[in-house]
4 protein chains.
Amino acid sequence: MVTVAENKYGKSRVRLVKVRRKDGWHDLHEWTVEVLLQGDFDSCFVAGDNSKILPTDTMKNTVYSLARDSSADCMEDFGKELAEFFLDHNPQVSGADISISEKMWDHLKSNGHPQPTTFIQSGGEIQTATITRTRAGNLTVTSGFADLVVMKTAKSAFEGYVQDSLTTLQPSQDRLLGTALSAKWTYGGTLVDFAAFRAQAREILLTAFAEHDSKSVQHTLYAMGKAVLEQLPEMDDIELTMPNKHYLLVDLSRFGQDNPNEIFVPIDEPHGTIQARLRRQG
Amino acid sequence: MVTVAENKYGKSRVRLVKVRRKDGWHDLHEWTVEVLLQGDFDSCFVAGDNSKILPTDTMKNTVYSLARDSSADCMEDFGKELAEFFLDHNPQVSGADISISEKMWDHLKSNGHPQPTTFIQSGGEIQTATITRTRAGNLTVTSGFADLVVMKTAKSAFEGYVQDSLTTLQPSQDRLLGTALSAKWTYGGTLVDFAAFRAQAREILLTAFAEHDSKSVQHTLYAMGKAVLEQLPEMDDIELTMPNKHYLLVDLSRFGQDNPNEIFVPIDEPHGTIQARLRRQG
Amino acid sequence: MVTVAENKYGKSRVRLVKVRRKDGWHDLHEWTVEVLLQGDFDSCFVAGDNSKILPTDTMKNTVYSLARDSSADCMEDFGKELAEFFLDHNPQVSGADISISEKMWDHLKSNGHPQPTTFIQSGGEIQTATITRTRAGNLTVTSGFADLVVMKTAKSAFEGYVQDSLTTLQPSQDRLLGTALSAKWTYGGTLVDFAAFRAQAREILLTAFAEHDSKSVQHTLYAMGKAVLEQLPEMDDIELTMPNKHYLLVDLSRFGQDNPNEIFVPIDEPHGTIQARLRRQG
Amino acid sequence: MVTVAENKYGKSRVRLVKVRRKDGWHDLHEWTVEVLLQGDFDSCFVAGDNSKILPTDTMKNTVYSLARDSSADCMEDFGKELAEFFLDHNPQVSGADISISEKMWDHLKSNGHPQPTTFIQSGGEIQTATITRTRAGNLTVTSGFADLVVMKTAKSAFEGYVQDSLTTLQPSQDRLLGTALSAKWTYGGTLVDFAAFRAQAREILLTAFAEHDSKSVQHTLYAMGKAVLEQLPEMDDIELTMPNKHYLLVDLSRFGQDNPNEIFVPIDEPHGTIQARLRRQG
């Protein structure tokens, strides 16, 4: 006999722009929402009985309808409202995962001033939040960002590593260190202003990245996570992903030229992947 | 104090083409390999001590060197060799994950015959395999495929679902059902010919997709998983992901025209997501 | 004074699936249409007078409405109907460009038989057509395809090229030759069955690619174009684009291994670009 | 007989990072270069004679070698050097096209100060330049940018357009206007500081976008082009491409809610395309 061991279903890529207007000044959020529900849907799988199925189209409608009524200004608060709504209205649902990502829109600056009703999309970086809620009452809020592309052109070395018969990498005391940083953190019990907290976390992580005297990507990742966990006690743990996007020094000696750390080839593949979850101990 | 709760690192997107030649007939595999290692790397994170770090560049070299010596014809066997090599040569490593994906190249057919040394890339579908091995001796092999785009234009309905104040979807007895199928399965103890098994699993899944009288995506997903688990006893469980890629019937009544299930708009977003893991019981 | 030297506007990425049913057998086309119109729109640009503007939303509606009424089975014929419609109904329009691309859907084969109502998307290759019509009566039909990914593992060399102080490439008598072929051709006066002609052109081009004893990408491009122009007299000229997607032989001598043309690294960037338009002379 | 009517070939996606260091302050450019050459290559196509072929691999080497020696700080000046080099060293070449695009890297700001050796990639926007030079001595320099994503949430209407039997769009006095702006301009005889000029052009275009009381995308496009051509006399003409990236007001009346221009759905397809080339008249 074949059974359904795990299942979830929902709607992905529900896109939403919300504009707020006050005294001629506009604010703008662009969110992409994913709703995934879990529960007892065995009769649907096995027998084609749809009587417990909330259509994913209705989930999409729910996102828009709640967005209109909601006073939430940040993804985390809106995600909590959505998760609660789906659990309250659907007894067959045992858990709801809401994932939201936000594209960054800033007020356009022209002639040195921010334009009140014109926006520019700044960066490929996206802000992320995931809210997981179960009928039993467990609530987890994870915040973070992804694809924040940064590079150090100084204070980055990589030496003293394992040497074996397949080693061809040359040690370097001064290399380019580039990454597309992703971060995800969870919160302790204390309530936080999610948007302000996010801005602080991002600033601390980037400052640590810039100032660190790096002996490896791992070394810098730890320094960044340590800084943010030490300065923000409301953060419980943090997972950092730092692909090592390589910049190879071009060998110009073949053409009778030197290359004093000046001309590099950026390559997309292969790339290193360095990932760790750090937490405050004791 | 801040500690490293989890970590893995390695090399991603190591690309490889292997050509085999025999009596004027060539065979071709294109693989993209990811190597991720886990282990005791605390001193690297905390103190910048690289003495235990196998550079990801060396991992890349290892992939190419082993590919030359290996007689493995399929991803699963090559992945097992890679995992074993990294554990054997690196006592600081406690576990190795090898993920490989394969682009499909077929012999080009011209004038009705396969050309022995010319290939055509067929489909966006990729074949996948993940091999996880720990120093303690645990070995898990997962095989599958992703992004296999298929569509049913008959035998697909969706009715009888939950109706609430946010419902706008119309029930349908005859809708288009399109998906980009992904599948991942694990194996029981028996040895299998991975490539032949993969071809069988794919055929059974697609036949079930085609023949099923669908009442929902969930209903068809279950029918597919049930068919393959029943026919292939070496398969332990299977996870199927079937995004519901919507095709909306165009409302032509505004222009005085009917639309008897003929003209549809395919949309990429939002899309439904239906995912389940099925297993053989008892 | 600032004037509008050239302008065009329209709707892009209008997506359409058309299903035809006959005796239990279905046929399926998926097209993406772009409509671009030219004409006298100066008052719109300069004065914000929209009285001559056909909204791009209406263009989208027109695509769907005509698709329902049209008996056209191929992009070229449907594109001609669209171009004619926009010129007939909009006196302010002087020219219409209709570009259509088609994703390849084939009937799924299972148990050796094609399934009558189930389809599989085969290949990333797309079929293309562009129809340009002016009020003065000029009509140009261009057909082709793009992103047809093929590779030769034999009969491909590259030697005897210019050597200078910046040359590092080694000559090769036996290299991999891979490309993502794009082709576009125009027609002479004779009427053709566009779909059948397209299939013939594709077959001739691919057979020439497979059989050619290549001394360079240019050499093979010419052989392909020559073959198709000689065999299909209705073709007036053909433009072929063949990026040289490099497969680099891995240097394994560093690890004490040989590499007899067996292990290659495919790279996406940089790539060679070779493009030419060939025509029948006299 | 089949002849080569037109041909060009070269190397695409040659990527390059150049780091300049001065007194502890670093500057960084990331360029992607394409080299395309034209000339008399008939013997290569027809007879497989490679004696006139400069390998595209050598073109790549040339980009890196010249980058090291060049003092050019902007793409336009570096492109001119490259074009000149290829014509000077290859008598068989009649014309060279150099296209360069630049990713935007800014000094990371932390604690309110720019970090001297740490960079952040700002925006998906890319800067572009194309340099075309013929042996006869013609030189054209085109500068621009692409994919600059901006949005107006006020001062944008669209009314008074053509109404016909296929019209379903509702007129709007207050809609969102979003686009991914691309611009390309050419220069008159006067020499300019390309980088400073580019910054000025970008600022003028964006200010006009923000301040314009828009009656249509065309209307705003013209206002932007007019502003920049009037304020920068060295600009000869400008081509602007403004896809109309639609934001649809969600109909919440079905759920008993109003939607006072607050909740929108951004959609990627279909989109409007509006393109025009403007020039200064006599």
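For D:Ile274, B:Ile126, what's the largest-to-smallest order of accessible area, 1.4 Å probe?
Values: D:Ile274 5, B:Ile126 50 Å².
The most accessible residue leads, giving B:Ile126, D:Ile274.
Solvent-accessible area per residue for the protein assembly as shown at a 1.4 Å probe radius, Å²?
Numbers: 43960 Å² over 1128 residues.
Each residue of the protein assembly as shown exposes 39 Å² on average to a 1.4 Å probe.
Rounded to two decimal places and with Rh computed the Kirkwood way over Cα pairs, what is Rg over Rh for the stretch A:161-282? Please list the in-between numbers first.
On the way: Rg = 18.0 Å, Rh = 16.6 Å.
Using only Cα positions, Rg/Rh for the stretch A:161-282 is 1.08.
Once the label point is placed 7 Å from Cα along Cβ, list for A:Val46 the distances to the corresponding points in the other copies, in nm, shortest first.
Copy-to-copy label distances for A:Val46: 5.1, 7.5, 7.6 nm.
What is the ratio of the Cα radius of gyration of chain D to 2.2 N^0.38 Å, where N is its residue count, to two decimals? Working shown, then result.
Details: Rg = 23.4 Å, N = 282, 2.2 N^0.38 = 18.8 Å.
Expressed relative to 2.2 N^0.38 Å, the Cα Rg reads 1.24.
Pull up all non-local amide H partners of C:Leu248: gap of 5 or more, or a different chain, and H-to-H distance under 5 Å with H placed in the peptide plane.
Counting only residues 5 or more places away or on other chains, the set is C:Val265, C:Ile267.
How much accessible area is lost when chains D and C come together, counting both sides, with a 1.4 Å probe, in Å² rounded to the nearest 100? Don't skip to the answer; put the middle values down first.
Details: alone 16700 and 16720 Å², together 27290 Å².
Separately minus together, D and C give about 6100 Å² buried.
Counting only protein heavy atoms and a 1.4 Å probe, tell me what percentage of the stretch D:1-112's accessible area is made up of carbon and sulfur. Intermediate results must be reported in sequence, preceding the final value.
Details: 1890 of 4180 Å².
The value for the stretch D:1-112 is 45 percent carbon and sulfur by accessible area.
Which value, in Å² and to the nearest 10, is the accessible area of C:His271 when all protein chains are kept and the probe is 1.4 Å?
That residue has around 30 Å² of solvent-accessible surface.
Over the Cα atoms of the protein assembly as shown, Rg to Rh with Kirkwood Rh, two decimal places? Each step should come with its number before you reach the end.
On the way: Rg = 30.0 Å, Rh = 32.1 Å.
Taking Rg over the Kirkwood Rh, I get 0.94.
Place a +1 charge on the Cβ of each Lys and Arg in the protein assembly as shown and a -1 charge on the Cβ of each Asp and Glu, then give the dipole magnitude about the Cα centre in debye, rounded to the nearest 20. Walk me through the numbers on the way to the answer.
On the way: 116 positive and 152 negative charges, 0 e Å.
With only Lys, Arg, Asp and Glu charged at Cβ, the dipole is about 0 debye.
Rounded to whole Å, how close does chain B get to the rotation axis onto D by Cβ? Give me the residue too, please?
Spelled out as residue then distance in Å, it is B:Asp268, 4.
Considering protein heavy atoms only and a 1.4 Å probe radius, which residues within the stretch A:104-136 exhibit an accessible-area decrease of no less than 30 Å² in the full assembly relative to the chain by itself?
Flagged in the stretch A:104-136: A:Trp105, A:Leu108, A:Ser110, A:Asn111, A:Gln115, A:Thr117, A:Thr118, A:Phe119, A:Ile120, A:Gln121, A:Gly123.
Based on the Kirkwood radius over alpha-carbon pairs, what is the Stokes-Einstein translational diffusion coefficient of the stretch C:52-186 at 10 °C with 1.306 mPa s viscosity, in µm²/s?
Values: Rh = 19.0 Å.
Roughly 83 µm²/s, to the nearest whole number.
With all protein chains present, calculate the accessible area of D:Glu81 using a 1.4 Å probe and round the result to the nearest 10 Å².
For D:Glu81, solvent-accessible area is about 70 Å².
Tell me what chain C gives for mean residue ellipticity at 222 nm when only DSSP H runs of n ≥ 4 count, each as -39,500 (n - 2.57), the sum divided by the residue total, rounded to 500 deg cm²/dmol.
-7500 deg cm²/dmol
On a C-alpha basis, how far is the centre of the stretch D:112-142 from the centre of the stretch C:123-177 in Å? Whole number, if you could?
So the two Cα centres are separated by 28 Å.
Using alpha carbon centroids, what distance separates the stretch D:211-260 and the stretch D:55-84, in Å?
Cα centres, the stretch D:211-260 to the stretch D:55-84: 38 Å.
Determine the sum of side-chain charges near C:Ser143: Lys and Arg each +1, Asp and Glu each -1, restricted to other residues whose C-beta is under 9 angstrom from that of C:Ser143.
Values: positive: C:Lys184, C:Arg198; negative: C:Glu76.
After counting each charged neighbour, the total is +1.
Which distances, in nm and shortest first, link the D:Thr140 label point to the same label point in every other copy, taking 7 Å along Cα→Cβ?
Nearest to farthest, the other copies are at 1.6, 5.8, 5.9 nm.
So which residues of the stretch B:5-27 lose at least 30 Å² of accessible area, probe 1.4 Å, when you go from the chain by itself to every protein chain present?
Hits at the 30 Å² cut-off: B:Ala5, B:Glu6, B:Lys8, B:Tyr9, B:Lys11, B:Ser12, B:Arg13, B:Arg15, B:Val17, B:Val19, B:Arg21.
Can you tell me the dipole magnitude for chain B around its Cα centre, using point charges on the Cβ only (Lys, Arg +1; Asp, Glu -1), in Debye to the nearest 20? Kindly include the intermediate steps, with their values, before the conclusion.
Details: 29 positive and 38 negative charges, 66 e Å.
Once rounded to the nearest 20, the dipole reads 320 debye.
So how far, in whole Å, is the C-alpha centre of the stretch C:8-38 from the one of the stretch B:1-47?
Comparing the Cα centres of the stretch C:8-38 and the stretch B:1-47, I get a distance of 43 Å.
Once phi is turned into ³J(HN,Hα) by the Karplus curve 6.51 cos²θ - 1.76 cosθ + 1.60 with θ = phi - 60°, what whole-Hz value does each residue of the stretch D:210-227 show in order, with x for glycine and proline?
Calculated HN-Hα couplings, in order: 5, 8, 6, 8, 7, 9, 5, 4, 4, 4, 6, 4, 5, 4, 5, x, 4, 4 Hz.
Tell me the distances, shortest first, between A:Pro171 and the same position across the other copies, using label points 7 Å along Cα→Cβ, in nm to one decimal.
Distances between equivalent label points, in nm: 4.3, 7.4, 7.6.
If I histogram all Cα-Cα distances within the stretch A:1-124 using bins 10 Å wide from 0, what percent of pairs lands in each bin?
Using 10 Å bins, I get a P(r) of 11, 36, 26, 15, 8, 3, 1, 0 for the stretch A:1-124.
The values are calculated or read from the model by the stated rules, or taken from the named source; none is laboratory data. Please read these numbers as outputs of a predicted model, since none were measured by experiment. Counting neighbours? That spans all protein chains shown, and the Cβs are built from the backbone with ideal geometry, glycine included. Just so you know, the surface numbers come from the protein's heavy atoms only, side chains and all, with ligands and any DNA or RNA stripped out. Shrake-Rupley method; radii C 1.70, N 1.55, O 1.52, S 1.80 Å.
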